[in-house]
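Peer 1: Got a structure for you, written out below as structure tokens; questions coming shortly.
Rule-based calculations on the coordinates, nothing more; no lab input. In this text, all values refer to a predicted model and were calculated from it rather than measured experimentally. Cβ sites come from the backbone with ideal geometry, for glycine too, and all protein chains shown count toward neighbours.
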């Protein structure tokens with residue numbers, strides 16, 4: 001190669017360098033290039049060596065070849081990516097540089113640009129032409145010690161001043177992390193974040209694809225999670241989300257991995273069953289209902305109920321939208337025919353769970369509360385409401401984690417906030433139920449104090465409903481005289497003294513006076529109390 005040709009190559013090779021990540025290299029070369037045409041030819045050899053050293057320091061793996069495909073440049077980043085030293089590869093041709101990437105001698109993008117490998121374009125995930133430059137992406141299974149490499153690559157031609165093609169330079173960049181992020185984003189763009197199932201967007205696309213397929217008969221199965229709104233209203237969205245996750249798991253467990261199940265609405269799920277007739281689809285529906293019943297048996301505190309409907313398109317003459325509507329109608333009829341009352345089922349489950357977790361002696365509390373209620377002049381209807389109130393006043397505690405309720409030591413401020421929410425949670429639960437709605441206001445007020453320092457509304461005195469004031473005294477007495485994991489029970493007399501001490505602060509003083517008289521045997525009232533109570 002004569003100095004004149006070297007001079008041309010110097011300019012053209014630098015012009016071919018990609019601007020990304022090579023700004024420093026270009027700045028270093030600018031003063032060399034600006035006056036290179038005035039440099040004696042013999043000085044260009046030194047400049048070329050300097051150019052080679054700069055390319056050697058580029059962050060992207062870079063090689064350059066001449067028109068015959070002989071390797072002229074192989075930088076350090078390329079050595080690291082392929083494990084091939086430059087001494088082993090410089091001057092070689094016959095696609096030797098492809099072996100570290102693809103395990104065989106074959107054209108790569110630099111050859112395609114030089115016109116020697118157009119048939120290999122399909123081996124790349126994408127190729128884009130930008131003037132004389134080629135940009136592509138692909139996967140090299142043998143790179144990085146056999147771990148494989150997702151790569152971005154840019155190839156630029158090298159011309160002399162007369163426009164003659166001298167060779168080409170190719171830069172290769174590892175984009176594995178970007179690919180992983182793209183795949184993750186793509187996965188989540190088609191997935192429901194809460195359940196991990198496919199989302200409605202993916203379902204709609206799959207439905208359109210199925211209509212054009214040869215997978216008939218195609219069946220659709222629609223599922224509706226019964227009572228989700230009630231659970232959200234009563235126990236909060238955390239419990240509702242947990243119910244949704246359980247429903248998703250139950251439905252998916254009844255299907256093959258190849259079958260598509262998606263969450264298509266707040267409480268709705270849809271399944272596509274290709275090459276599946278009506279009879280098999282109805283069998284799938286039955287399996288889902290039975291699986292939900294088994295799940296409910298394992299979680300009696302929050303039962304899972306799913307209504308299911310199925311429909312089938314025997315061939316492409318029937319639009320799948322029409323089949324979807326038929327399955328939706330069948331699901332609704334299934335809900336009506338089953339006679340399910342999700343609200344009542346949830347309330348029953350909550351009351352059962354409360355009985356299992358509650359430390360109160362509910363029957364004893366009801367007996368004492370009724371005595372105090374009668375002495376305070378309550379009507380028969382109010383006495384009945386008081387009994388119900390004793391049963392369910394702490395129903396909101398089901399939303400408080402056990403590790404807080406059963407904590408032996410003092411609670412943190414955040415934990416106290418959780419506990420203080422339970423009257424409001426209980427109020428919402430009761431208000432959502434026809435059975436409990438009458439006692440909802442009393443549940444809300446049962447932790448208010450006579451002096452106005454209670455919660456959640458800071459009511460004081462007779463602003464607090466009489467039933468809530470009665471319950472507050474009975475509840476405190478029961479708590480003090482019952483064993484707890486974290487303290488001993490107080491004696492009967494100690495508990496009464498504590499109630500008297502807290503009268504006019506925490507409790508209605510008049511009701512405390514009546515209560516103490518009842519349980520102290522004054523005015524013969526104590527004879528009405530259950531046997532053995534005085535001995536506590």
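Peer 1: Arranged from highest to lowest average of other beta-carbon atoms within 10 Å per residue, in what order do the peptides 243-254, 109-120 appear? All intermediate terms of the calculation are to be shown ahead of the outcome.
Peer 2: Details: 243-254: 20.4, 109-120: 18.1.
Averaged packing, sorted descending, gives the order 243-254, 109-120.
Peer 1: Taking the Cα-to-Cβ direction at residue 498 and at residue 214 and moving 7 Å from each Cα, how far apart do the two end points lie in nm?
Peer 2: Going by the 7 Å Cα→Cβ label model, 8.0 nm.
Peer 1: In whole Å, how far is the Cα centre of region 184-199 from that of region 106-153?
Peer 2: 31
Peer 1: Given a Förster radius of 60 Å and the C-beta distance between residue 415 and residue 67 as r, what FRET efficiency does 1/(1 + (r/R0)^6) yield to the nearest 0.05?
Peer 2: Numbers: r = 76 Å, r/R0 = 1.27.
Once rounded, the FRET efficiency stands at 0.20.
Peer 1: Please list 216-223, 438-445, 311-318 highest first by mean number of surrounding beta-carbon atoms within 10 Å per residue. Intermediate values should be presented prior to the final figure.
Peer 2: Working: 216-223: 24.9, 438-445: 22.4, 311-318: 15.9.
Averaged packing, sorted descending, gives the order 216-223, 438-445, 311-318.
Peer 1: Where does each of 231, 169 land when they are ranked from fewest to most other beta-carbon atoms within 10 angstrom? Write down the numbers at each step before the final one.
Peer 2: Working: 231 29, 169 25.
Ranked by crowding around the Cβ, least crowded first: 169, 231.
Peer 1: Quick check on region 252-369: what does the Kirkwood estimate of hydrodynamic radius come out to from the alpha carbon pairs, in Å?
Peer 2: On the way: mean 1/r = 0.0591 Å⁻¹.
This gives a value of 16.9 Å.
Peer 1: Would you mind ranking 188, 152 by Cβ crowding within 10 Å, fewest neighbours first? Don't skip to the end; give the middle numbers.
Peer 2: Values: 188 12, 152 18.
Arranged by neighbour count, lowest to highest, 188, 152 become 188, 152.
Peer 1: Quick one: if the Förster radius is 45 Å, what FRET efficiency do residue 135 and residue 241 give, using the C-beta to C-beta distance and rounding to 0.05? Write out the running numbers ahead of the final one.
Peer 2: On the way: r = 44 Å, r/R0 = 0.98.
Here the calculated transfer efficiency is 0.50.
Peer 1: Could you state the principal axis extents of the C-alpha atoms in region 281-434, from the largest down, to the nearest angstrom?
Peer 2: So the three principal-axis extents are 75, 41, 24 Å.
Peer 1: So how far, in whole Å, is the C-alpha centre of region 424-440 from the one of region 278-340?
Peer 2: 31
Peer 1: Go ahead and run the numbers for FRET between residue 187 and residue 164, Cβ-Cβ distance against an R0 of 51 Å, rounding to 0.05. Intermediate results must be reported in sequence, preceding the final value.
Peer 2: On the way: r = 49 Å, r/R0 = 0.96.
Step by step, r from the Cβ atoms, then E = 0.55.
Peer 1: Against the globular-protein guess of 2.2 N^0.38 Å, express the Cα radius of gyration of region 193-287 as a ratio, rounded to two decimals. Spell out each step's value before the answer.
Peer 2: Values: Rg = 14.2 Å, N = 95, 2.2 N^0.38 = 12.4 Å.
Cα Rg divided by the expected 2.2 N^0.38 Å: 1.14.
Peer 1: Related question: Label region 353-502 by shape, choosing from rounded, prolate and oblate, from the square roots a ≥ b ≥ c of the eigenvalues of the Cα gyration tensor; if a/c is under 1.5 it is rounded, and otherwise prolate applies when a/b is larger than b/c, oblate when it is not.
Peer 2: Numbers: a/c = 1.38, a/b = 1.11, b/c = 1.24.
Rounded shape, in that the Cα axes give a/c under 1.5.
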